[in-house]
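Chemist: Before I ask anything, let me first share the structure, which is written out below as structure tokens.
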Amino acid sequence: MDRLKGKVAVITGGSHGIGAAAVTRMAEEGASVAILDCLDDEGHALASKLSGQGHQVAYWHCDVGDEENVKTAINSAAEKFGHVDVLVNNAGISGPNKPTHELTEEEWDLVQKINVKGVFFCTKHAIPHMKKAGRGSIINLSSIYGLVSAPDIPPYHASKGAVRLMTKTDAMIYAPDNIRANSIHPGFIWTPMVEGHLKTTGEDLEAAKQATAALHPLGHMGEPDDIAWGIVFLASEESKFMTGSELVIDGGYTAH
Ligand code: NAP
């Protein structure tokens, strides 16, 4: 119930999917939570549902690829809740499912802008608040696609590999400030992102779902809560000796 009591978490892409599950679990565990997303209706609805249950949750419109948006939203969240000591860099897109030689520069850049530069901007503007608070936990959503390859979505693989190593660099830079940074590497989790990605394969959706499920030794895809509980753990003091690490939650996908 109180694993995150007294903590203030900023989470990007918290309006639906993994982010929404993490918002819910962090709030239930006692954190004040700032949702930053572009999906305004869903974000406001989640914030008011959880606030109605007595939790401290508020929504800010924020495109993580826009530094001014990020700076304003994070500063405003710190002002509203008193400080910021948890940042969950969750917003991300899978991008176009084309082989490398067919991709345009614009398609490549958009994925890097949201998945990589968004993590940079949010980290940059959360760090001063964490230094002020004297502690911090940065949780970056990488992927199994940041650990191993597959013959699809090249810009996404590049972005998630970058996020994995950005996490380790920030872990080393900010360890003296008592700020930890860890990455999470989910297997396929059934969310709007995965549904959208499977639709790009051109296969029947049910057949594509079954084939994707079969890639995991446990025999099924994960659900958003499987990742949300990992986020709660990394945000909490239960993980206080953990930094620069990779938390792989993938139903055995990378165990081959
Ligand atoms: P999702 O269902 O698509 O949710 C992502 C959220 O981020 C959405 O609310 C999305 O809004 C938002 N977002 C996108 N671009 C944004 C921007 N520029 N600024 C602010 N918010 C933005 O995705 P998910 O499956 O929950 O994935 C969450 C994270 O986990 C991602 O980083 C993803 O790469 C990673 N991950 C997911 C899986 C999986 O299987 N689901 C596996 C490995 C890693 P819109 O809907 O408007 O774009």
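The values are calculated or read from the model by the stated rules, or taken from the named source; none is laboratory data. Bear in mind the structure is a predicted one, so any value in this text is a computation, not a measurement. For neighbour counting, all protein chains shown are included, and Cβ atoms are generated from backbone atoms with ideal geometry for every residue, glycine included. Note: areas computed on protein heavy atoms with side chains; ligands, DNA, RNA excluded. Shrake-Rupley method; radii C 1.70, N 1.55, O 1.52, S 1.80 Å.
Chemist: Of the conditions (1) surrounded by fewer than 22 Cβ atoms within 10 Å (Cβ to Cβ); (2) part of a helix (DSSP H, G or I), V148 fails just one. Which one is it?
Modeler: (2)
Chemist: I'd like to verify a number: residues in the range 23-49 that are aliphatic (A, V, I, L, M), over 16 Å from A126 (Cβ atoms) and either within 16 Å of the ligand (Cβ to nearest atom) or without any contact (Cβ under 8 Å) to a residue 12 or more places away in the chain (or both), how many? Break it down stepwise before answering.
Modeler: First, the residues of the range 23-49 that are aliphatic (A, V, I, L, M): 23, 26-27, 31, 33-36, 39, 45-47.
Okay, now just the ones that are also over 16 Å from A126 (Cβ atoms), so 23, 27, 39, 45-47.
If we keep only those that are either within 16 Å of the ligand (Cβ to nearest atom) or without any contact (Cβ under 8 Å) to a residue 12 or more places away in the chain (or both) as well, we get 23, 39, 45-47.
The total comes to 5.
Condition check ((1) within 26 Å of S149 (Cα to Cα); (2) within 16 Å of the ligand (Cβ to nearest atom); (3) aromatic (F, W, Y)) across all residues:
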{"residue": "G82", "(1), (2), (3)": "no, no, no"}
{"residue": "L87", "(1), (2), (3)": "no, yes, no"}
{"residue": "G92", "(1), (2), (3)": "yes, yes, no"}
{"residue": "G95", "(1), (2), (3)": "yes, yes, no"}
{"residue": "E106", "(1), (2), (3)": "yes, yes, no"}
{"residue": "I114", "(1), (2), (3)": "yes, yes, no"}
{"residue": "K124", "(1), (2), (3)": "no, yes, no"}
{"residue": "I127", "(1), (2), (3)": "no, no, no"}
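Chemist: Going by the structure shown, is K131 open to solvent by 30 Å² or more (accessible area, probe 1.4 Å) and within 18 Å of the chain's Cα centre (by Cα)?
Modeler: On the way: open to solvent by 30 Å² or more (accessible area, probe 1.4 Å): yes; within 18 Å of the chain's Cα centre (by Cα): no.
No, not satisfied.
Chemist: Name the single residue, out of those in the range 66-91 being among the small types (G, A, S) and open to solvent by 30 Å² or more (accessible area, probe 1.4 Å), that is nearest to R135 (Cα to Cα). Lay out the reasoning, then the answer.
Modeler: Going through the range 66-91, the residues among the small types (G, A, S) turn out to be 73, 76-78, 82, 91.
If we keep only those that are open to solvent by 30 Å² or more (accessible area, probe 1.4 Å) as well, we get 76, 82.
Working: S76: 19, G82: 14 Å.
Per the criteria, the residue is G82.
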